[in-house]
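To start, the structure itself, in structure tokens.
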Amino acid sequence: MEQTTRHYPYQVLTAEEYEIAYRKSIDDPEAFWGDVASHFAWRRKWDNVVTSDFTVPRTEWFGNARLNIAENCLDRHLNTIGNRPAIIWEPNDPDTHYRSLTYKELYKKVCQFSYVLRNNGVKKGDRVCIYMGMIPELAVAMLACARIGAVHTVIFGGFSAQSIADRLQDAKAEIIVTADGAYRGPKSIPLKDVIDDALPVCPFVKRVIVCTHLRNPVSMIKGRDVWWEDEIKKVETQGWKHYAAEEMDAEDPLFILYTSGSTGKPKGVVHSTAGYMVYTCYSFVNVFNYQPGDVFFCTADMGWITGHSYLLYGALLSGATSLMYEGIPTWPDAGRMWNIVDKHKVNILYTAPTALRSLMSFGREPLADKDLSSLKVLGTVGEPINDEAWQWYYKEIGKERCPIVDTWWQTETGGIMISNMAGITPAKPTYATLPMPGVELVLVNEKGHVLPGNDVSGILCIRSAWPSLLRTTYNDHEKYYRNYFAPYPGMYFTGDGAYRDENGLYRITGRIDDVLNVSGHRIGSAEVENAINMHTGVTESAVVGYPHEIKGEGIYAYVVYEKPVTDADLIRRDILQTVSRVIGPIARPDKVQFVSALPKTRSGKIMRRILRKIAESDTTNLGDLTTLTDPTIVDELTAGRIE
């Protein structure tokens, strides 16, 4: 890849510059991050760059600084690139014309909706739930919340009413922004109906703002439900004008994003304002080697952290043109994603290995008449990419001229933590490769002892704070400590295992806790088990992951039923429907095996190691079975395994 001009003062252009930047970020983080942060718009500069103590735990970045992130996403660019497209929206239906919003147009819409939120009682610090499809109004709602100082919590459009209610109750969100429905490939999702089903157990909700998209009939309750369009008209009749952005403290929360953990209850990851802003912008520019005018296409849904950090905030903070797609990569046919790349002359494509494996399965035909020559950088996110998919992506999509950035990070980290920088630092198939500046990686053994040197595998931890580190879990700081800092004192525990090769490059080897990674989305096994156990007739269940050729990891459920199973297919479908209703279709097990009992130790602990081995069809070395209360159950499980 040809070396490009430095358009951003903090952009790394050579491997040598990466080494210098990394060393400075570890040796003198105050100077390093203070220099990066100086290029943003601040109402008040910081007193000190970072204060952090992982033993408490407490982390603060840019102490006592004042700013507004929406101002940095929009206002800061108006005089220079105001007429550049900020968001290009590609609709689900390929026959529907796309929409393009310049920075000036997006700014106006955000200001208008800021007034709408204020008119409906939203104040600084209030939580606003956003449950919408992938339409520009979703981005407008998020930025408007940030502009007035409200804390947004975006819920993925595939979650069920019960999952929404759980999140609403935890966040105590009194305001909901939704739509009459959403398209997702050949399906339509009745978003407002799902919200209505969630609200009977959420009496604290005062207002539901509904955006028209599908034009489907919906129930509108007087005094609670209002139409987005009507509220905008009220603002326009008042005479639209600039909405002054709320001054926020650097550590004020920006958003809550719920993620599955090893317990049944989703946890609310809280990200702050200033540190998140600085790190997402820095990582966006450097990982993707972003150049002004490039069209950046991130295929992630805004309900996940990738959509937050790189489709919206990181992209707009960098003055990028971000492409938002409403549909799925394979609808109405397997050439849709490549049509979008061709149509909009996409320069950077950031997608998930799951999507790539699915597209690979259709062969070369969907690529035949597509011009992909505009592509300069390819990226993957959500899970480690396998070698076959990496090679296909590099050869068939990038034509062996586009570097692939294989990014590792988490909802909790806020931004990319390990990745090669496109065309600058070395890439290696299936490896995330090197830590970003500011990220001090260590591998430890189960006792927490640091494993030095190269060619070593261990548990991945991070030794010092970085700006976009989550600040707490909402309403439960003890859980924050227990999940991320208690396992290995003085370090952030990622929950992932990793291998460091002979050259110091990192490869992520997978979760070491009871969290599944399905199509790049983290799903807690306990959450799925709780949903299965809610089905009438189920006595007990256990869920594990197994290799899946498309999803990366599939969900294998072992279910103990209270009476003999006479119609396994019907009961299996009923269980899947229960999981869909309680959590959402994304958590539906791929395989359900009915068993008489689960393998347990004498203390009652389920031996998940054995269940994983059986699910993976690896029964040659099940280990010591003498601690089981009934070792013969293993033979039954093995014989009944579902292929």
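Readers should treat all values here as calculations from the given coordinates under stated rules, not as data from a laboratory. Bear in mind that the values here come from a model prediction, so they are computed numbers and not experimental data. Cβ: placed from backbone, ideal geometry, glycine included. Neighbour counts: every protein chain shown.
Structure notes:
- Residues located in the stretch 143-193, provided they are assigned to a strand (DSSP E or B) and touching a residue at least 60 places away in the same chain (Cβ under 8 Å): VAL151, HIS152, THR153, VAL154, ALA182, TYR183, ARG184
- Of the residues making up the stretch 328-344, those that are assigned to a helix (DSSP H, G or I) and surrounded by fewer than 20 Cβ atoms within 10 Å (Cβ to Cβ) are ASN339, ASP342, LYS343, HIS344.
Listed here are the residues, each with its yes/no results for (1) surrounded by 17 or more Cβ atoms within 10 Å (Cβ to Cβ); (2) among the aliphatic types (A, V, I, L, M); (3) under 30 Å from GLU60 (Cα atoms).
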| residue | (1), (2), (3) |
| --- | --- |
| ALA165 | yes, yes, no |
| LYS172 | no, no, yes |
| ILE209 | yes, yes, no |
| TRP227 | no, no, no |
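- Filter result (surrounded by 12 or more Cβ atoms within 10 Å (Cβ to Cβ), among the aliphatic types (A, V, I, L, M) and part of a helix (DSSP H, G or I)) within the stretch 558-579: ALA568, ILE571, ILE575, LEU576, VAL579
- Candidate set: the stretch 467-483, residues that are under 18 Å from the mean Cα position of the chain (by Cα) and not small (Gly, Ala, Ser); chosen: the one surrounded by the most Cβ atoms within 10 Å (Cβ to Cβ): PRO467
- Residue satisfying condition, being under 27 Å from SER260 (Cα atoms) and either without any contact (Cβ under 8 Å) to a residue 12 or more places away in the chain or not in a loop (DSSP other than H, G, I, E, B) (or both), within set THR413, THR354: THR354
- Only listed residue being buried (at least 20 other Cβ atoms within 10 Å of the Cβ), among the hydrophobic types (A, V, I, L, M, F, W, C) and within 21 Å of LEU323 (Cβ to Cβ), chosen from VAL110, VAL116: VAL110
- Subset of the stretch 536-557 [farther than 13 Å from ARG588 by Cα and part of a loop (DSSP other than H, G, I, E, B)]: THR536, GLY537, GLU549, ILE550
- Single match in LEU317, LEU349, LEU323 (criterion: crowded, with 21+ Cβ neighbours inside 10 Å, under 29 Å from LYS104 (Cβ atoms) and touching a Cys at 6+ places or on another chain (Cβ under 6 Å)): LEU317
- Search result, residues across the stretch 44-64 that are over 27 Å from the mean Cα position of the chain (by Cα), assigned to a loop (DSSP other than H, G, I, E, B) and surrounded by 13 or more Cβ atoms within 10 Å (Cβ to Cβ): LYS45, TRP46, ASN64
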